[in-house]
Amino acid sequence: QVQLVESGGGLVQPGGSLRLSCTASGFIFSIYVMDWYRQAPGKQRELVATITADSNTNYADSVKGRFTISRDNAKKTVYLQMSSLRPEDTAVYYCNARIYGTTRPLYDYWGQGTQVTVSS
């Protein structure tokens, strides 16, 4: 049973910071690519950050330089440190796992995610 539980969202002012966490179970976490996505109401889901098993990272242009993805394999957790937050970062943030070199997420159910609201 693949389980991905996001946490850490909340309300923050523009320019503020949040750290999101995603704790995984039900698969061999350490060998998977982990991704953070976000989706605002009425908008498409957007891949915002990726981290490979050996901790190579990649970011969407919209968040590059502001967000940092990291992972702790011992805790089976992937993090998204978000800084210099903007109102346009407001969205529900989701994590998922992926086999390297593939595009299909491991977990077909996107679940609840965690809400990030950036508002002045």
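So here's what we get for this one:
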item: Label-point separation in nm, S120 to V2, each point 7 Å along Cα→Cβ; result: 4.0
item: Built amide H within the under 5 Å cut-off of R19, gap 5+; result: M82
item: Estimated Rh, segment 1-51: Kirkwood, alpha-carbon pairs, angstrom; result: 13.0
item: Probe 1.4 Å, protein heavy atoms only - accessible area per residue of the chain in square angstrom; result: 54
item: Calculated FRET value between I99 and S17, using beta carbons and R₀ = 30 Å, to 0.05; result: 0.45
item: Inverse of mean 1/r across different Cα pairs in the chain, Kirkwood, Å; result: 14.2
item: Apportionment of accessible area to carbon and sulfur, the chain, percent (1.4 Å); result: 48
item: Considering only the chain, percent of DSSP beta bridges that pair antiparallel, nearest 5; result: 90
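The values are calculated or read from the model by the stated rules, or taken from the named source; none is laboratory data. Only a predicted model underlies this, so the values are computations on that prediction, with no experimental measurement involved. All Cβ positions, glycine included, derive from the backbone under ideal geometry; neighbour counts span all protein chains shown. For the accessible areas, the whole protein counts, side chains as well, though only heavy atoms, and no ligand, DNA or RNA atoms are used. Shrake-Rupley method; radii C 1.70, N 1.55, O 1.52, S 1.80 Å.
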